[in-house]
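Engineer: This is the structure I want to talk about, given as structure tokens.
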Amino acid sequence: MGTWTWFHKLASPPHFYRIAGKMIPWYAIPAVVLIVCGVYGGLVLAPADYQQGDAFRIVYVHAPAAWLSLLCYTVMATAAAVGLVWRIKLAHALAAATAPIGASFALLCLATGSIWGRPMWGTWWTWDARLTSQLILLFLYLGYQALRSAYDDITKADRASAVLAVVGVVNVPIIHFSVTWWNSLHQGATVIRAGGPAMPPSMLIPLILCFFGFTFLYAALACVRVQAEVLRRERNAHWLHDAMGARGAKE
Amino acid sequence: MNAPMTSPWAAAGLVLRRDLALAFRRWEQVTHPVVFFLMVATLFPLALSPKPSLLADIGAGVVWVSALLSSMLALESLFRADVEDGTLEQLTLSGQPLAILVLAKTVAHWLLSGVPLVLASPVVATAFGAAGTAYGVLMGSIALGTAVLSLIGSVGAALTVGSRRGSVLLSLLVLPLVMPVLIFGARATDLALHGDPSAAGPLWLLGSMLILALTLTPFATAAALRISLE
């Protein structure tokens, strides 16, 4: 019983609203530091690639964006499933807050991939397996958003979109493998593969910094967006008026 | 809740018979998707070129894209009428497991929208210059594929039935989910039309996708319907 009280406490909107507000700087500051260091290391310190020259440097945005687009979908589907099973409103708020962030990262990944593909493959777009499955992931995000916006009632929107997110997450590996068997031209996995990474440390370390920096950035953005979601959902609640009133009195 | 008088499977049989009887009284519900299928297939030679070599190359893809769009069109009607006249609420309250009743409705929907496409697909394939020997694989792949489309689509139909923006929204939700079906279905058909014996591979994958969809989607559809009916 006692082990679950923190969970219930965390799931209460007033409590989480305060926690999220306190956590924002703890995520945002490391995000800025890590991304600035990673980008500096990647753009200035790292040597040029012997094959791709300086063009490879876009990987410092492209690869973390790809990672984040998948992470966001996982977070969204997990939160949606938790919200569906235990009827926790805050989990739905987290899923709703994560979807646009994930969609933006998916779009960023596609855009940087396209810009990278122009000098490397000589074309803005190829129907390569990873590009296509990333595009389908973006479509899944857009479908989720479209379903949310189709319902005026927020509880209905939450629960309907949660079912879609859960169905989607079962489908993501199937989509991934079907598209891989369909066609493959993208370079193989570089960072995580058997036999260690195929990158010298001077290239790899900035990339790792960027991965962590982007992940912290997501956490900070998610906190801000969940706060906004809570404000929107609880706008008639007493605790919110009290909290706002107290702040107003202090100022 | 009172214990139901009939067993779940008997109730499912009744739902299936009811849906089929209703469809046979409204025959255009069955014929319109087939006509749409044939029309979409006609668009491709008009838009590209009537060259036989090109048509033979794209034939499998055309059959599949047309079948996909046609079954999207038919999905819209899967639950709408029953929600509007309250039948679905009665089914929910009947005390029978909703997932099984929903499965029966989806099977009826496939019999009415999928099977006609299976029967019409050799006509389109012939028009695109396919050899006569591959009809078995062609019809098999369309049959397996449309069944998966109906099952996955039933989740989308259940999710959108409560909202006002039905049709376009439904396609936005379902199309990304069914792209693997398109990939394997078109691949099996293409290999078969070119006389390649390895068409069995994608066909098995389609079959395993059907089993997975058959196992999981009725529960998702039932959950989605309960949300839409709230």
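Engineer: Considering only the range B:129-169, state which residues are assigned to a helix (DSSP H, G or I), within 9 Å of chain A (Cβ to nearest Cβ) and surrounded by fewer than 20 Cβ atoms within 10 Å (Cβ to Cβ).
Structural biologist: Taking the range B:129-169 first, the residues assigned to a helix (DSSP H, G or I) are B:132-160, B:167-169.
Filter once more, keeping what is within 9 Å of chain A (Cβ to nearest Cβ): B:152, B:155-156, B:158-160, B:168-169.
Across the range B:129-169, the qualifying residues are B:VAL168, B:LEU169.
Engineer: State whether one or more residues within the range B:193-203 are within 12 Å of chain A (Cβ to nearest Cβ) and either surrounded by 17 or more Cβ atoms within 10 Å (Cβ to Cβ) or in a helix (DSSP H, G or I) (or both). First the steps, then the outcome.
Structural biologist: Filtering the range B:193-203 down to residues within 12 Å of chain A (Cβ to nearest Cβ) leaves B:201-202.
Retained after the next criterion (residues that are either surrounded by 17 or more Cβ atoms within 10 Å (Cβ to Cβ) or in a helix (DSSP H, G or I) (or both)): B:201-202.
Yes: the range B:193-203 contains one or more residues that are within 12 Å of chain A (Cβ to nearest Cβ) and either surrounded by 17 or more Cβ atoms within 10 Å (Cβ to Cβ) or in a helix (DSSP H, G or I) (or both).
Engineer: Can you confirm whether the range B:210-217 contains a residue that is in a helix (DSSP H, G or I), in contact (Cβ under 8 Å) with a residue 40 or more places away in the chain and facing another protein chain (nearest Cβ under 9 Å)?
Structural biologist: yes
Engineer: Which of the numbered conditions does A:TRP86 fail, given that it passes all the others? Conditions: (1) of a type outside the set (A, V, I, L, M); (2) within 21 Å of the chain's Cα centre (by Cα); (3) under 22 Å from A:PHE16 (Cα atoms).
Structural biologist: Here A:TRP86 meets the rest and fails (2).
Engineer: If you go through the range A:111-129, how many residues are touching a residue at least 12 places away in the same chain (Cβ under 8 Å), in a helix (DSSP H, G or I), out of contact with any Phe, Trp or Tyr (no Cβ under 7 Å at 6 or more places or on another chain) and surrounded by fewer than 20 Cβ atoms within 10 Å (Cβ to Cβ)?
Structural biologist: Total meeting the criteria: 6.
Engineer: Residues that are more than 29 Å from A:VAL32 (Cα to Cα) and in contact (Cβ under 8 Å) with a residue 40 or more places away in the chain: does the range A:88-101 have at least one? Explain how you work it out, then say what you get.
Structural biologist: Of all residues in the range A:88-101, those more than 29 Å from A:VAL32 (Cα to Cα) come to A:88-89.
After this cut, where a residue has to be in contact (Cβ under 8 Å) with a residue 40 or more places away in the chain as well, the list is A:88-89.
Among the residues of the range A:88-101, at least one is more than 29 Å from A:VAL32 (Cα to Cα) and in contact (Cβ under 8 Å) with a residue 40 or more places away in the chain, which makes the answer yes.
Engineer: Quick test for you: out of B:ALA188, B:ALA220, pick the one residue that is more than 8 Å from every other protein chain (Cβ to nearest Cβ) and either free of Cβ contacts under 8 Å to residues at least 60 places away in the same chain or in a helix (DSSP H, G or I) (or both). Working first, answer last.
Structural biologist: Working: B:ALA220 fails: more than 8 Å from every other protein chain (Cβ to nearest Cβ).
When all the criteria are applied, what remains is B:ALA188.
Engineer: Kindly indicate which of A:PRO14, A:PRO47, A:PRO30, A:PRO64 is touching a residue at least 12 places away in the same chain (Cβ under 8 Å) and not in a helix (DSSP H, G or I).
Structural biologist: Testing whether each residue is touching a residue at least 12 places away in the same chain (Cβ under 8 Å) and not in a helix (DSSP H, G or I) leaves just A:PRO47.
Engineer: In addition: Hey, can you tell me all the residues within the range A:130-173 that are part of a helix (DSSP H, G or I) and among the hydroxyl-bearing types (Ser, Thr, Tyr)?
Structural biologist: Step one: list which residues in the range A:130-173 are part of a helix (DSSP H, G or I), which gives A:130-150, A:154-173.
Once the filter is applied, which keeps residues that are part of a helix (DSSP H, G or I) and among the hydroxyl-bearing types (Ser, Thr, Tyr), the range A:130-173 yields A:THR132, A:SER133, A:TYR141, A:TYR144, A:SER149, A:THR155, A:SER161.
Engineer: Can you find a residue that is assigned to a loop (DSSP other than H, G, I, E, B) and in contact (Cβ under 8 Å) with a residue 24 or more places away in the chain anywhere in the range B:85-94?
Structural biologist: Narrowing the range B:85-94 to residues assigned to a loop (DSSP other than H, G, I, E, B): B:85-86, B:94.
Next cut, in contact (Cβ under 8 Å) with a residue 24 or more places away in the chain only: B:94.
Yes, there is a match, as at least one residue in the range B:85-94 is assigned to a loop (DSSP other than H, G, I, E, B) and in contact (Cβ under 8 Å) with a residue 24 or more places away in the chain.
Engineer: Quick one: in the range A:171-184, of everything that is more than 7 Å from chain B (Cβ to nearest Cβ) and under 19 Å from the mean Cα position of the chain (by Cα), which residue is nearest to A:SER133 (Cα to Cα)?
Structural biologist: Among those that are more than 7 Å from chain B (Cβ to nearest Cβ) and under 19 Å from the mean Cα position of the chain (by Cα), it is A:HIS176.
Engineer: Within the range A:143-165, track down each residue that is more than 7 Å from chain B (Cβ to nearest Cβ) and either surrounded by 23 or more Cβ atoms within 10 Å (Cβ to Cβ) or not polar (S, T, N, Q) (or both). Full working, then the answer.
Structural biologist: From the range A:143-165, those more than 7 Å from chain B (Cβ to nearest Cβ) are A:144-145, A:148-149, A:152-155, A:157-158, A:161-162, A:165; that's our starting set.
Correct list: A:TYR144, A:ARG148, A:ASP152, A:ASP153, A:ILE154, A:ALA157, A:ASP158, A:SER161, A:ALA162, A:ALA165.
Engineer: Are there any pairs with C-beta distances below 7 angstrom linking a residue in the range B:147-170 that is within 18 Å of A:ALA165 (Cα to Cα) to a residue that is among the aromatic types (Phe, Trp, Tyr), with the two at least 6 apart or on different chains, and if so which?
Structural biologist: So the pair list comes out as B:ALA157/B:PHE79; B:ALA158/B:PHE79; B:VAL161/B:PHE79; B:SER163/A:TYR151.
Engineer: Ok, one more. Considering each residue of the range A:84-122, count those that are at pLDDT below 85 and within 19 Å of A:VAL163 (Cα to Cα), and give that number. Reasoning before the result, please.
Structural biologist: Narrowing the range A:84-122 to residues at pLDDT below 85: A:117-122.
With the extra rule that they be within 19 Å of A:VAL163 (Cα to Cα), the set shrinks to none.
Qualifying residue count, the range A:84-122: 0.
Engineer: Here's something else I'd like to know. Does B:LEU117 count as within 14 Å of another protein chain (Cβ to nearest Cβ), part of a helix (DSSP H, G or I) and surrounded by 24 or more Cβ atoms within 10 Å (Cβ to Cβ)? Write out each step before concluding.
Structural biologist: Numbers: within 14 Å of another protein chain (Cβ to nearest Cβ): no; part of a helix (DSSP H, G or I): yes; surrounded by 24 or more Cβ atoms within 10 Å (Cβ to Cβ): yes.
Answer is no for this residue.
Engineer: Another one. Please pick out the residue among B:LEU88, B:LEU75, B:LEU101 that is in contact with an Asp or Glu (Cβ under 6 Å, 6 or more places away or on another chain), surrounded by 19 or more Cβ atoms within 10 Å (Cβ to Cβ) and not small (Gly, Ala, Ser).
Structural biologist: Working: B:LEU75 fails: in contact with an Asp or Glu (Cβ under 6 Å, 6 or more places away or on another chain); B:LEU101 fails: in contact with an Asp or Glu (Cβ under 6 Å, 6 or more places away or on another chain).
Testing whether each residue is in contact with an Asp or Glu (Cβ under 6 Å, 6 or more places away or on another chain), surrounded by 19 or more Cβ atoms within 10 Å (Cβ to Cβ) and not small (Gly, Ala, Ser) leaves just B:LEU88.
Engineer: Is there a residue being of a type in the set (D, E, K, R), at pLDDT below 90 and outside any loop (DSSP other than H, G, I, E, B) anywhere in the range B:48-55? Talk me through it step by step, then tell me what you get.
Structural biologist: Filtering the range B:48-55 for residues of a type in the set (D, E, K, R) gives B:51.
From what's left, at pLDDT below 90: B:51.
This time we only want the ones that are outside any loop (DSSP other than H, G, I, E, B), so: none.
Within the range B:48-55, not a single residue is of a type in the set (D, E, K, R), at pLDDT below 90 and outside any loop (DSSP other than H, G, I, E, B).
Engineer: Just a yes or no: is a residue in the range A:41-53 within 21 Å of the chain's Cα centre (by Cα), surrounded by 15 or more Cβ atoms within 10 Å (Cβ to Cβ) and at pLDDT below 90?
Structural biologist: Restricting attention to the range A:41-53, the residues satisfying the condition of being within 21 Å of the chain's Cα centre (by Cα) are none.
No; the residues of the range A:41-53 include none that is within 21 Å of the chain's Cα centre (by Cα), surrounded by 15 or more Cβ atoms within 10 Å (Cβ to Cβ) and at pLDDT below 90.
The values are calculated or read from the model by the stated rules, or taken from the named source; none is laboratory data. These numbers come from a predicted model, not from an experiment. As a convention, Cβ positions derive from the backbone with ideal geometry for all residues, glycine included, and neighbour counts pool all protein chains shown.
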